[in-house]
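Participant: Quick one: the structure is below, questions incoming.
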Amino acid sequence: MLELDFRKQLKHFELQAALELSSEIMAIVGPSGSGKTTLLNSIAGIAQPDSGSIRLNGRIFFETNRKPLKIQNRRIGYLFQDYALFPHMTARQNIFFGVGRQADTSHITELTELLGIAELLNNYPHQISGGEKQRVALARALAAQPELLLLDEPFSALDDETRNNCQQQLVRIHRLWKIPVMFVTHSRQEAAKLADRIVQVDRGQLTVLAMESSI
């Protein structure tokens, strides 16, 4: 269970985040500059709130007047909008980056098969397509077996067919792993298709939308 109750002052408004997320898929929608990515970054530890608290499964990520938990200790998978793959590393090296040497990695073989990238593991990012990069980045985000998955506009740069395939893979992985998933999108249609709940962010204010009125 992810529990958010924090505030962070941005340039033109204050982000006020108060919500809970269980083992479901939550879509975050809203105009550019509304605070969506800051919301994800605050959970991940890239940005720090001004006050309040962030907790995941009882572990405190952030609390007022308390030292924030380090990023590497949060057990969060984060898929960035540009995928952020290391160009000098193969797909395999990218996926295993950040996985401890003593960690059980048997699940990673299952991941690469599930995502259809097993044959790409020796390729470098410049040798694979946008959809393949997205799947490699998703495998990397899940390789350390996170307790929460964050995705920042993960499908925005893909063509329609590739986007649909990647969306299906995300849903399939969620059914298998049963971890909370929070993803940012500009598409209300995509949000309605994938999410169990939709939250709109507008100038830092969060509103849960009724699913039937979200399209």
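Every number here is computed from the coordinates shown, using simple stated rules; none is lab data. These numbers were taken from a predicted model, which means no experiment stands behind them. Heads up, the Cβs are rebuilt from the backbone with ideal geometry, glycines too, and the neighbour counts pull from every protein chain shown.
Participant: State yes or no: is L138 aliphatic (A, V, I, L, M) and in contact with a Gly (Cβ under 9 Å, 6 or more places away or on another chain)?
Facilitator: Answer is yes for this residue.
Participant: Let me ask you something else. Given the conditions (1) more than 17 Å from the chain's Cα centre (by Cα); (2) closer than 24 Å to N164 by Cα; (3) surrounded by fewer than 21 Cβ atoms within 10 Å (Cβ to Cβ); (4) not hydroxyl-bearing (S, T, Y), which single one is not true for A91?
Facilitator: Looking at each condition in turn, A91 falls short on (3).
Participant: Can you name the number of the only condition in (1) farther than 30 Å from P125 by Cβ; (2) exposed (fewer than 13 other Cβ atoms within 10 Å of the Cβ); (3) among the acidic types (D, E) that E24 fails?
Facilitator: Single failed check for E24: (2).
Participant: Do any residues in the range 46-62 that are at negative phi have Cβ atoms under 7 Å from those of residues that are of a type in the set (D, E), where the two are at least six apart or on different chains, and which pairs are they?
Facilitator: Every condition considered, the pairs that remain are S53/D5; S53/E63; R55/E3; L56/E147.
Participant: If E3 satisfies every condition in (1) part of a strand (DSSP E or B); (2) free of Cβ contacts under 8 Å to residues at least 40 places away in the same chain; (3) among the acidic types (D, E) but one, which is the exception?
Facilitator: It is condition (2) that E3 fails.
Participant: For the range 20-93, which strands (runs of 3 or more DSSP E) that fit wholly inside it have 1 or more residues that are more than 27 Å from L158 (Cα to Cα) and in contact with a strand residue (DSSP E or B) (Cβ under 6 Å, 6 or more places away or on another chain)?
Facilitator: 51-56, 59-63
Participant: Select from the range 132-142 the residues that are under 20 Å from I25 (Cβ atoms) and either touching a helix residue (DSSP H, G or I) at 6+ places or on another chain (Cβ under 7 Å) or of a type in the set (G, A, S) (or both) and list them in ascending order.
Facilitator: Q134, R135, A137, A139, R140, A141, L142 - these are the residues of the range 132-142 that are under 20 Å from I25 (Cβ atoms) and either touching a helix residue (DSSP H, G or I) at 6+ places or on another chain (Cβ under 7 Å) or of a type in the set (G, A, S) (or both).
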